[in-house]
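Since the structure comes first, as structure tokens, the remarks are kept for the end.
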Amino acid sequence: MMTSLHIFLLLAALACSASFQVSGFVPHQKDILIRHVVPCHHLTFRPIKPRRDSLHANQEEFKEVSHANDRRGDSSETLMSAQRVMGTLSAAAWILISVTALSYHPDPKFADCTLRHNVLTMSQAFAFQLPVGYATISALSSPDSTHITSTIRRRLNLAVVVASMWLASSTAFASKFAFGYDLYTWKLKAFAAGIHATNGLLALFAWRNSIGTNKMTIRSCASRVIRGTIGSLWSIGPSRPCSDPDSSHLISNNNASIWGLCTAGLLWFTILPIVSPYPLATVPTILGKRLSRPASAFTFLSAVCAFCLKESAESGAEDDENQISRLRKGLMIGSALHLLLLMLKLIGVDGGGLLLPGRGLWEVYPAMLAVPFATASSIIVHALVCFAAL
């Protein structure tokens, strides 16, 4: 007698067999996994072809990048050539201004100054300023090779902007910078101020071009300059000072310490003539009331060059870059010539002095002797520059 359970199992078995037959599943058949076998000679292989539109787009993008790099290289070469030209013209403008202001003395007290005195004074305006200016323009004209040199280029461009605008202002408003003296014709003012201002604007454009982005606004540029200036002032001291002068692996840090001290001294003597009254304002350039304050532009330029040498000494690139070598030689030559002329004046070649007979040193250089501490300090700073550059 079949129970209800047996009937349910029988119906379930019948339903399963029916479903297997409908789906084509045959148990014990050899092709249980592969039902349709395709012969190999019926298979065809087609090579994968790149999409023409994507390949063309990549080629066009590569060409655009190459052309952009070429244009940037051409513009950089043109910019460096323009800076060489404007740097030369700026030096010529400084020479004209110096000869005009120092070829005679407007003060009746010094009306009897000899040609020898005037030549020595004009030489003092060229000895330090021209080598430093040449070294700066020469460094800006050298091609970039490493990150440190591109950083130096940006820093020097900003220094040229400040120095050029200071020279342009001191020429256009001579009486404000020369204790009331106004010795230039309006034609000379227009020429010299225009040259210096153009040189400064060109350096500003070169700095803006060296950043490598076209989306910087005036606000972002000003913020970048302010943050960089504050960071540089805090970085004047060496990052890892060393008290052992014989340490072979810290020679570069010892040089960085010396260049940092030179930077601080030159910055101090940049500010001193601007904020001090006469006679302290005549130090360190010893150019009297007429050009001591305008010449602070070159002292500032030398301070920036010394800071660049300090940074390169810390990075280990002090002897590897032609750019750095030019800055070092320019500072060394300028400081050596400045000290040579100063020593000649102290010795007494201009009518007498500490060694040669006569009263010329006390009669024609009273301002320098009135501030002996500042004069001696400037001599030490320039001597330290020569020692660091050796």
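The values are calculated or read from the model by the stated rules, or taken from the named source; none is laboratory data. Everything quoted here is computed from the prediction, not taken from an experiment. Ideal geometry is used to build each Cβ from the backbone, glycine not excepted, and the neighbour counts take in all protein chains shown. Protein only, heavy atoms only, side chains kept; ligands, DNA and RNA dropped before computing areas. Shrake-Rupley method; radii C 1.70, N 1.55, O 1.52, S 1.80 Å.
See the values below:
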| quantity | calculated |
| --- | --- |
| By average C-beta atoms within 10 angstrom, highest first, the peptides 176-188, 224-236, 280-292 | 280-292, 176-188, 224-236 |
| Out-of-range pairs (alpha-carbon distance over 22 Å; input LYS289/LYS345; LYS109/LYS345; LYS189/LYS329; LYS109/LYS187; LYS176/LYS345) | LYS189/LYS329; LYS109/LYS187; LYS176/LYS345 |
| Prolate/oblate/rounded call for the stretch 107-195, Cα gyration tensor, a/c under 1.5 rounded | prolate |
| Theoretical gain in end-to-end length, LYS187 to LEU369 [0.36 nm per residue, Cα-Cα removed] | 61.9 nm |
| Per-residue HN-Hα couplings for the stretch 371-377 [Karplus 6.51, -1.76, 1.60; θ = phi - 60°; Hz; x = Gly/Pro] | 10, x, 5, 5, 5, 5, 5 |
| Per residue accessible area in Å² of the stretch 84-204, where ligands, DNA and RNA are left out and the probe is 1.4 Å | 44 |
| Most to least accessible of TYR365, TYR278, TYR134 (protein chains only, probe 1.4 Å) | TYR134, TYR278, TYR365 |
| Packing rank of 298-304, 216-222, 120-126, 237-243, where each peptide gets the mean count of other beta carbons within 10 Å, highest leading | 298-304, 120-126, 237-243, 216-222 |
| Accessible surface of the stretch 145-240 [probe 1.4 Å, protein heavy atoms]: carbon and sulfur percent | 66 |
| Rounded to whole Hz, the Karplus (6.51, -1.76, 1.60) HN-Hα couplings of the stretch 235-242, x for glycine and proline | 9, 4, x, x, 6, 9, x, 10 |
| Prolate/oblate/rounded call for the stretch 168-243, Cα gyration tensor, a/c under 1.5 rounded | oblate |
| Relative contact order (percent, whole number), the stretch 296-390, Cα cutoff 8 Å, 6+ residue spacing | 23 |
| Å² per residue, accessible surface of the stretch 297-375 at 1.4 Å | 40 |
